[in-house]
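The values are calculated or read from the model by the stated rules, or taken from the named source; none is laboratory data. None of the values given here were measured: they were computed from a predicted structure. Using ideal geometry, Cβ is built from the backbone for each residue, glycine included, and neighbour counts are taken over all protein chains shown. Side chains included, ligands, DNA and RNA excluded: accessible areas come from the protein's heavy atoms. Shrake-Rupley method; radii C 1.70, N 1.55, O 1.52, S 1.80 Å.
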Amino acid sequence: MTLPIQLSRRIALAIGLFLGHLPVLISPLSAQPGNPPFTSHADPLAFDPVVREACNRFYDLDYEASLSRLDTVIKAHPQEPLPYALALMVTVFRELYHQDLLDTTYYAHDNFLTNQRRVDIPEANRQRIEFLTNQVQTLADQHLKANPQDKNALFAKGFAKGLHAAFITLADHAYFAAARQGLAARNDSEQVLKIDPDYADADLAVGIQQFAVASLPRFVRIMVGIAGVGGNKEKGIAMLRIAATKGVVTNIDARTTLSLFLRHDGRYPEALAEQHGLAIQFPHDYLFRLEEANLAKDKGDGPRAIAIYKEVLADGVKPGFFVDPRLQLAYFGLADTERGQNLIADAAKHYLDAASQPNSSDWLRRRAQLNAGEMLDLLHDRAGAVAQYQKASAPGGDQSQTEAARRNLKTPYTGK
C-alpha cells in the first residue's frame with residue numbers, strides 16, 4: 001500500500017494545477033486598490049474597469065456578482081478569449097467551494113488521493129465548465145491562426161488549461177489527464193515568454209511546473225507522460241516571485257502558490273508571511289483568512305491557529321462580513337487543532353459544530369461525525385460516540401467514512 005499512496009501523492013504534485021494543487025485559494029486577478037498601471041506586457045482587457053470590479057467581487061467570494069460583471073465584458077468583447085477564461089475560473093471555483101473542496105486541510109494527508117469520495121457535480125455546471133474551456137481554446141486558436149505571435153491568446157489558452165486541470169483533479173481525481181494539461185499550460189506560457197520575456201503573468205504556470213516537476217522522481221515523470229520535462233525548485237520560486245510582483249492577471253495566484261509551495265517544503269515562516277499579507281489585504285476573503293489558520297496549525301503553533309480560527313468564526317457570524325461562509329471548514333480545522341493540543345472536549349464540540357452547518361457537504365459532515373465520535377469515545381461517552389458513527393456510516397450519500405465508522409462501532413476508539 002505504501003508505494004501506491006506515495007506515488008499518487010507525488011503524481012499529484014505534477015498536475016497542472018496552477019493552484020499547486022490547492023486550492024483552494026488561488027484567485028486569478030490582481031485586486032490592488034485602484035487600477036494597476038497599464039503595461040503592454042499584459043492583456044489590455046485585464047485593465048478594463050468592469051473586469052477589475054469582477055475581480056473585487058471574486059475576492060469577496062461573491063461568485064454570482066463576479067460572473068454577472070464578466071458576462072457584461074463577454075457581451076462587449078465576444079471574440080476575446082480572456083473574459084471567457086475568467087468566467088471559467090469563477091465557475092470552477094464556485095463549484096469547488098460549494099463542494100467544500102477549497103480547504104487545504106483536505107489535501108494535507110494521503111487519503112485525499114486514496115479515499116472513495118465521489119464528487120457529484122450538477123450536470124449543468126459541468127457542461128458550463130466544458131463549454132467555457134472549449135470556448136477559450138476556440139477563440140485563442142482563431143487569434144493564433146491570424147497571428148501566431150498573439151501572446152494574449154496564448155496566455156488565455158494556457159490559463160484555461162490550468163483551470164480545467166484543477167477542476168478535473170479535485171472533482172474527478174483525473175491525475176494523469178490533469179498532468180498533461182498542466183504540461184500543455186506550461187508550454188503555452190513558455191511560448192508567451194519567448195515572444196515577450198516581460199509578460200510576467202506567464203511566469204506563473206512555468207514557475208509552478210518548474211517546482212512541481214523538480215519534486216518528482218524520474219520514474220513518476222515517465223508514468224504520467226512528462227519524461228524529459230525539466231524542473232528546478234529555486235527557479236520555480238523565482239518565477240513565482242516575478243509573477244507576484246509584476247503580474248497583472250496572476251499576481252495573487254503567484255502569492256498564494258508561493259505560500260503553498262513554501263508550506264510544502266516546510267518553510268512555514270515564509271509561507272505564513274505571504275498568507276498573512278493576503279489575509280490583511282483581503283479581510284473579507286474567507287479562504288485567505290482560513291488558510292492563515294491552517295498554516296499556523298501545520299507549523300505546529302496550535303495556540304496561534306486556534307486564535308485565528310476563532311477570529312474567523314467570530315467574523316463569520318457578523319451579518320454580511322463574508323459572502324456565504326462555509327463555517328464547517330473553520331470548525332473542522334479548529335477541532336483538528338484542538339485534538340492535536342489534547343483539548344478533547346473542545347474538539348468534540350467543534351467537530352459537532354462542523355457537522356451541524358446547514359450548507360455542509362455530505363462528505364465533510366460525515367468526516368466531522370466520525371471525528372466527533374472518536375472524541376466522544378475518548379471522553380467515555382460511548383452512547384454519544386455510537387450515535388455519531390451511525391450517522392457517518394448511514395446508507396446513501398457519501399460512503400468514504402463508512403469503513404472507519406463501522407470499525408469504531410465494533411471497538412471503541414482509543415487513539416488520539
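Some observations on this one:
- Matching residues in region 315-348 - criterion: being in a loop (DSSP other than H, G, I, E, B) and of a type in the set (A, V, I, L, M): VAL317, VAL323, LEU343
- Failed condition for ALA368, given (1) at pLDDT 95 or above; (2) farther than 20 Å from ASP120 by Cα: (2)
- Among residues of region 241-269 that are more than 20 Å from LEU290 (Cα to Cα), none has a beta-carbon under 6 Å from a residue that is open to solvent by less than 10 Å² (accessible area, probe 1.4 Å) and of a type in the set (Lys, Arg) at least six positions away or on a different chain.
- LYS310 meets each of the listed conditions (1) out of contact with any Gly (no Cβ under 6 Å at 6 or more places or on another chain); (2) open to solvent by less than 50 Å² (accessible area, probe 1.4 Å); (3) within 22 Å of ASN371 (Cα to Cα) apart from (2).
- When ARG117, ARG128 are checked against the criterion of being under 25 Å from TRP363 (Cα atoms) and modelled with pLDDT of 95 or more, a single residue qualifies: ARG128.
- Members of region 265-291 that are of a type in the set (Asp, Glu) and either modelled with pLDDT of 95 or more or open to solvent by 50 Å² or more (accessible area, probe 1.4 Å) (or both): ASP265, GLU270
- One residue alone among GLY396, GLY373 is closer than 16 Å to SER356 by Cα, open to solvent by less than 60 Å² (accessible area, probe 1.4 Å) and of a type outside the set (Asp, Glu), and that residue is GLY373.
- When residues of region 18-59 are limited to those that are among the small types (Gly, Ala, Ser) and open to solvent by 30 Å² or more (accessible area, probe 1.4 Å), the one modelled with the highest pLDDT: SER40
- Failed condition for ALA153, given (1) closer than 30 Å to ASP103 by Cα; (2) in contact (Cβ under 8 Å) with a residue 24 or more places away in the chain: (1)
- Pair list, Cβ under 7 Å, 6 or more apart: region 310-326 residue over 16 Å from HIS350 (Cα atoms), other residue hydrophobic (A, V, I, L, M, F, W, C) and at pLDDT 95 or above: ASP315/PHE321; ASP315/PHE322
- Residue satisfying all of: in region 349-365; open to solvent by 20 Å² or more (accessible area, probe 1.4 Å) and not in a loop (DSSP other than H, G, I, E, B); modelled with the lowest pLDDT among these: ASP362
- The lone exception for GLN6 - which of (1) assigned to a loop (DSSP other than H, G, I, E, B); (2) at pLDDT below 50 it fails: (1)
- ILE74 vs. criteria at pLDDT 95 or above, out of contact with any Leu (no Cβ under 6 Å at 6 or more places or on another chain), at negative phi and hydrophobic (A, V, I, L, M, F, W, C): yes
- Scanning region 327-348 for residues that are within 23 Å of the chain's Cα centre (by Cα) and open to solvent by less than 10 Å² (accessible area, probe 1.4 Å) yields a count of 8.
- Scanning region 133-176 for residues being part of a helix (DSSP H, G or I), open to solvent by 50 Å² or more (accessible area, probe 1.4 Å) and either of a type outside the set (Lys, Arg) or touching a Cys at 6+ places or on another chain (Cβ under 8 Å) (or both) gives a total of 7.
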